[in-house]
1. Output the helices (runs of 4 or more DSSP H) that fall wholly within the range 108-206 and possess 1 or more residues being closer than 18 Å to residue 538 by Cβ and touching a residue at least 40 places away in the same chain (Cβ under 8 Å), or say none.
2. Look at residue 73 and say whether it is under 24 Å from the mean Cα position of the chain (by Cα), farther than 15 Å from residue 111 by Cβ and surrounded by fewer than 22 Cβ atoms within 10 Å (Cβ to Cβ).
3. What are the residues in the range 41-65 that are polar (S, T, N, Q) and over 30 Å from residue 229 (Cα atoms), if any?
4. In the range 192-220, what residues are closer than 22 Å to residue 19 by Cβ and at pLDDT 95 or above?
5. Looking at 400, 319, can you tell me which residue is over 30 Å from residue 7 (Cβ atoms) and either free of Cβ contacts under 8 Å to residues at least 60 places away in the same chain or not in a helix (DSSP H, G or I) (or both)?
6. Identify all residues within the range 345-403 that are more than 16 Å from the chain's Cα centre (by Cα), crowded, with 19+ Cβ neighbours inside 10 Å, of a type in the set (Ser, Thr, Tyr) and farther than 21 Å from residue 271 by Cβ; write none if there are none.
7. Here is a list: 82, 27, 39. Which entry is in contact with a helix residue (DSSP H, G or I) (Cβ under 8 Å, 6 or more places away or on another chain) and buried (at least 21 other Cβ atoms within 10 Å of the Cβ)?
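The values are calculated or read from the model by the stated rules, or taken from the named source; none is laboratory data. The model shown is predicted, which means the values in this text are computed figures rather than measured ones. With ideal geometry, Cβ positions are generated from the backbone for all residues, glycine too; neighbour counts draw on all protein chains shown.
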Amino acid sequence: MKNFDRSDGKLVIAHILFAFAALLVGGIAGMLQGMVRGGTITLPANIGYYELLTAHGVLMALIFTTYFIIGFLYSGVSHTLGGKLLPASKKLGWAGYWTMSVGTVIGVVVILLGKATVLYTFYAPMKASPWFYIALALVVIGSWLSGFGIFLQYRRWKRTNPNKLSPLFAYMSVVTMLLWQVATIGVAIEVVVQLIPWSFGWVDTVNVVLSRTLFWYFGHPLVYFWLLPAYICWYVVIPKIIGGRIFSDSLARLSFMLFLLFSIPVGFHHQLMEPGISTFWKYLQVVLTFMVIVPSLMTAFSLFATFELNGRAKGAKGLFGWMKVLPWKDVRFFAPFMGMLIFIPAGAGGIINASNQMNAVVHNTLWVTGHFHLTVATSVALTFFGIVYWLIPTVTGRILTPRINRAGIIQTIVWCVGMFIMSGSMHTVGLLGSPRRTAYTTYDDNPDAILWMPYHVAMAVGGIILFVGVLLIIGNVIALLRAPKGETQYPIGEVSENAEATPRFLERWGLWLGIAVALILFAYTIPLIDMLRNTVTSPGYVTW
C-alpha cells in the first residue's frame, strides 16, 4: 500500500498537534475551575473563576474539536480521493490553519487578560473586548477556508470519476463540512453585524434575543459537527479495525443526510426558557429536534449489526457471543467503543433537555453541564483519542507499539472513571437544583446549598482524574511521534457483499441542500422577522 503523502501529512499533523495543545491548556483551566467550584482551592487575586470557565469552554469545545476534525477530515479525503491533496486544496487548508491560529491566539490572550469573561456562549448583554469577537470571526473564516479545500478535492474527484459512487469517508466529510458552513453563518452574522460594532461602541445597544437566537442557530449544529466525525470513525474505520465489513453504505449515507437536514433548524430547544420567542416556533423546533433521534438510532443499529455479523462470521454462538471476538485489547477499538457505549445515556439526557416540561426542571442546573460532558467530552473525545493511535502513525510513517497501546487502554479507563465521577455528580446535584455557570458559594450557608457541597467536591475529584487523563493522552501523542518507523495502513472498511446497492439520489447535493435550506427558512424566517420588529435591546455590561 502507498504511504501517506508526506506534505499532506504535515497539514494533518499541524492540526492534530494544535488541537492537543488546546486540550492541555483547556484541561488545566478545567481542573482549576472544578477545584474552585468544589471549594478546595482559592485562586490568586489576578485569576478569575469565570476567566477559567471561558478559557476552558472556548479551548475545549471550539478549538480542540475544530482543529482535530479538520485534520482528520483532510487525512481522509487525501487518502480516499486520489491519494494526494490538490495543490489548491492544500493551500486552502494551510490558509485556514493559520487564520484560525491567529484568531485562537488573540482570543486566548484576551481571555487571560480578563477582557472576555463571557463564557464560550458569549451571551449578550455581557460585553467582551472587540478583539475577542474579532478572534472568533477569524476562527470561523479559517474553518470556512479549510472546508472549501475539502469541497474542491471532492468536486475534482467527481469530475474525473463521473459514474462512480464517491468513497463513503469523503461523502461523510463533505456532509460534515456542509453542516458546519451552513451553521456558522448564524454566529458569523451575530459576531460581525451585531457584537463587533456594539463592543467598539459604534452602536449603543444590541438586540439580545436576536443575538442569542443567531448563536443557537449555530450552537446546536455544533454538537453534530463534533459527533459526525466520530460517526465517520464508527461507520468506516471501526469495521476495518475489527476485521469486519460495513453493514450498509446506503444506510450510513442516509443517516448523514438526515443529520444535515434536521440538526440545524432546532436551536430554539436551547431557548425554551427564554421569553420573546413564540411557543409555536419553540414547539416546531422541538419536533425537529426529536427527528434527529432517527439517524442516531440508525447509526446504533448499523454499528451493532456490524459487530454481530463480524462475530457470526468468526464462529461466535449465542445471543452475545459476538462480543467475545471484538478486539478489546486494541485501543483503536476500545476507546471509540467506550465512546459509543457512553453515548447511550448521553443521548437519553439530550431527550430530557429537549423536552419542554423536563427542561424546565434541569435547564439552568449542573445537569446540563453533566450532559454536555458526556457527549462532547466523552463520546466525541474518546473517539478522537482512539483515532490518534492510528492516524499519527499513518501520516508520519510510524507504528503503534504494544507499550503505547497498553498506555492508551489505561488512559481510556482513567478518562471513563474520571468522567463517571464528575458527570455523575453533575447530573445528580443538578437534579437537586445546583446552578451551572457559578463559582463556589454556599449562598450564606443555605441548607440546600450545604447539601450540594459533597457533590461539588466529587466533581473536583473527577476533574483531577480527568486532568491525569489529559496528561496521559498528551504523553501518548508524544510517544506516537517518537514511535519506531514503519508502515501503518489507513483503516478504511469495505462494504458487506450482502448490502443493498446505494441509491444514486443520495449524491444529489442540490436536492438535499435545497431541502435543508427550506427547513431552515420555515423554522426561522417568521421568528427572526418578529425579533427584528419587537426588539429587546440592551447596552453592554461588564460583570466581572
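1. 130-160, 196-200
2. no
3. Hits for the range 41-65 are 42, 46.
4. Of everything in the range 192-220, just one residue is closer than 22 Å to residue 19 by Cβ and at pLDDT 95 or above, namely 218.
5. 319
6. Once the filter is applied, which keeps residues that are more than 16 Å from the chain's Cα centre (by Cα), crowded, with 19+ Cβ neighbours inside 10 Å, of a type in the set (Ser, Thr, Tyr) and farther than 21 Å from residue 271 by Cβ, the range 345-403 yields 389, 394, 396.
7. Going through 82, 27, 39 in turn, just one is in contact with a helix residue (DSSP H, G or I) (Cβ under 8 Å, 6 or more places away or on another chain) and buried (at least 21 other Cβ atoms within 10 Å of the Cβ): 27.
Per-residue answers, yes or no, for (1) part of a loop (DSSP other than H, G, I, E, B); (2) surrounded by fewer than 12 Cβ atoms within 10 Å (Cβ to Cβ):
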{"position": "444", "(1), (2)": "yes, yes"}
{"position": "453", "(1), (2)": "no, no"}
{"position": "457", "(1), (2)": "no, no"}
{"position": "464", "(1), (2)": "no, no"}
{"position": "476", "(1), (2)": "no, no"}
{"position": "488", "(1), (2)": "yes, no"}
{"position": "527", "(1), (2)": "no, no"}
